[in-house]
Structure formats: C-alpha cells, structure tokens
Amino acid sequence: MDFVKMEGLGNDFVVLDGPFSPSPDQVAAWCDRRRGIGADGVIVVTPVDRATVAMGYWNADGSAAEMCGNGLRCVGRYAVGHGLVAGTDLTVMTPAGPRDMTVGDDTVRAHLGTVTTAGDPVEVGGYRLEPVSVGNPHAVAFVPDCWTVLIAEGGSMVETDPAFSERTNVEFATVVSPERIDLRIWERGVGETLACGTGAAAAVAAAHRRGLTGPEVDVHLPGGVLRVEIVDGEAWIEGPANEVFRGVLSHES
C-alpha cells in the first residue's frame, strides 16, 4: 500500500488513498515513531467528484476523530497535488461537515466552520478551562506563559477529566497582543503536538469573545505561525502544508 507523509506546521500525518478504513492497531503501528512511519495521525483521502474529496482521520492511538485543521489543509494540498480535483478551490467532506478551502503556492486557507461555546468554564488542576467546539472538542486555558506550562502533566490530566465525556483537546494560550497568541497544544489521543489548526481556532475564538484580541490573529505555535480569522462566528485558518516523502507500507497490519 502506497502512502505519503505530510505535515502542516510540524503536525504530521500518514496519508492514504481511499476508500479504506484502517483498524486502530494499524493506525497505532504506522504512527509509532520508533517502529513505524511516525505521525500524529492517519488520514484517508477519497475522491468524490472533480471538486470534492472525503477525509477520514484517526489519532495516533487509533481513535477516530471528527476533525483535524492542519490535517484538513494537508488534504487540500494532497488532493490538488495528486490530481484528485480539477482546480485549487475544493470542498472536503469530513465527519464534522463539508469544509471549503483554497490551495495556494505556499499556503492553504481552509474554512473550519462555526466555533461555539460548548459549556460553562470548568476548573481542573488549577486551570480555568473554557470548553469550545470546532466540530471537535477543545478546552482553552489562558495562562501567563504557555512556554513554561508542564504540558504533559496538565494536558493529560485535563484530557481525561470526567468533565469531558469524550475526552478533549487542550490549549494553553498566552495573549501577547490583540494580534498575537502564543499557544501550546495537548491533542486528544496523541499528546503534545507542534501545531493544531482547530486548537488555534478555538483559542482565538475564546480570546476574541472575551475582548482580548481582534478577529484576525497570528497564532505562534512550536511548529510555526498559523493565521486565524473569526468571521461571524466561523473560523478560517491559513498556513503551510507540505508533502515530506512517499513510501510503500511493507505490511498493512
């Protein structure tokens, strides 16, 4: 089975042609950074028509997820680069709904849909967390300096707290200015990642709702800078998405 390794701001994925549904064990094996390809998740891209593809996404632990923002942008780059669609404007069908995007020479701009408050703030481990939905669950904590947070301890604790019935992605955000947020991410089923598109959108939406930022923000992540725009309650993200290498799986299980 052929695969492509892709990354968006260091958020990396094993990308396969569909229709195909990998088992949790297959996903975990391929994402293993010692014994497999190494990735934050697995994406399956299935052509629908000449302007549309479908996206399936699985976290590194084998669990299926509703949405992945940087993965979504990688799907756009993959679909255009591999001739699955006719132009550079396309729609990606996801479990969270259809998402439109434009693939440019250097960046991919993608629509993530409506960002909504997903409940009242909760306190976990000394963090005040704001539940946010971007088609998948997030919990945003505003902290004085995200770079000093003990993220493995705090992120894993919040992810599995009973307050979040389906587990949650966790964002530790520092508002630097009305145009900049520094952000670290603990992804559900993965751990700390270099970037997360939906997490960046969740953090900006929460900050903008509190009047801490404007609607257009550069989010500085360990993997680079992602541009986030909130327009009438809906999020757009823009940043790089690249193919790293191609290969063939020597075994499929």
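Throughout, read-outs are computed from the coordinates displayed, never taken from laboratory work. Keep in mind that this is a model prediction, so the values were computed, not measured. When we count neighbours, we look across all protein chains shown, and the Cβ atoms used for this are built from the backbone with ideal geometry, even at glycine.
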| message | Could you compute the net charge surrounding residue 227? Neighbours are other residues with a C-beta less than 9 Å from the C-beta of residue 227; K and R count +1, D and E count -1. | response | -3
| log₁₀ I(q)/I(0) of segment 144-197 at q = 0.18 Å⁻¹, via Debye over equal Cα point scatterers, no solvent, to two decimals? | -0.58
| field | Cα long-axis angle, helix 69-81 against the chain (0 to 90 degrees, to the nearest 10) | value | 30
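Need one number for the chain: average projected area of the convex hull over its C-alpha atoms, nm². Intermediate results must be reported in sequence, preceding the final value.
Details: hull surface 49.7 nm².
Value for the chain: 12.4 nm².
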| remark: Relative to the chain, whose Cα atoms define the longest principal axis, helix 197-209 and its Cα axis are tilted in degrees, nearest 10, by 30
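If you build the convex hull over the alpha carbons only and average its shadow over all orientations, what do you get for segment 25-165? Give it in nm² to one decimal.
10.3
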| query | Given only helices, namely DSSP H runs of n ≥ 4 each adding -39500 (n - 2.57), what is the per-residue ellipticity at 222 nm of the chain, to the nearest 500 deg cm²/dmol? | reply | -5000 deg cm²/dmol
| field | Where only alpha carbons of segment 116-238 are counted, the Rg and the Dmax (Å) | value | 12.7, 35
